[in-house]
1. Residues in segment 20-40: is at least one of a type in the set (S, T, N, Q), modelled with pLDDT of 95 or more, outside any helix (DSSP H, G or I) and open to solvent by 80 Å² or more (accessible area, probe 1.4 Å)?
2. Looking at segment 47-77, which of its residues are in a helix (DSSP H, G or I), closer than 16 Å to residue 21 by Cα and open to solvent by less than 60 Å² (accessible area, probe 1.4 Å)?
3. May I ask you to say which residue of 77, 3 is within 12 Å of the chain's Cα centre (by Cα) and of a type outside the set (Gly, Ala, Ser)?
4. Of the residues that make up segment 43-52, is at least one at negative phi, of a type in the set (D, E, K, R) and at pLDDT below 95?
5. Of all residues in segment 51-62, count the ones that are over 15 Å from residue 34 (Cα atoms) and in contact with a His (Cβ under 9 Å, 6 or more places away or on another chain).
Amino acid sequence: MNDGLVLTKIKDHLRVTWDYQDDDIKDMIAEGKDYIEGIAGPTDFNSVGLAFYLLKNYCRYNWSGSGMYFEQYYRSDLLKLQLKNAVTFRRSFE
């Protein structure tokens, strides 16, 4: 999934139909990727799955001004992603 498609999917999730805040949303996406990778390690956000699900919801929480609650409500999913990434990383060395 390229950056334009990620932006489109996140905007759809946020129900944003205008373009004048695209730079703000792009910044939020980059911040979300960094935040999630800080917890779960290197992550592939380019496919539909747990990582992209978490990114969409990170953006939704921040868009609505409730970013401080994201980790609390998605802790178990962040841990699942962390374990998944650890297994993938380990397999790359076998």
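The values are calculated or read from the model by the stated rules, or taken from the named source; none is laboratory data. Just so it is clear, the model here is predicted, and its values are computed rather than measured. No Cβ is skipped: glycine too gets one built from the backbone with ideal geometry, and neighbour counts run over all protein chains shown. The protein model used for the area step is the full one, side chains on, heavy atoms only, and it has no ligands, DNA or RNA in it. Shrake-Rupley method; radii C 1.70, N 1.55, O 1.52, S 1.80 Å.
1. Within segment 20-40, not a single residue is of a type in the set (S, T, N, Q), modelled with pLDDT of 95 or more, outside any helix (DSSP H, G or I) and open to solvent by 80 Å² or more (accessible area, probe 1.4 Å).
2. Hits for segment 47-77 are 59, 62.
3. Checking each option against the conditions leaves just 77.
4. Yes, the conditions are met somewhere in segment 43-52.
5. 1
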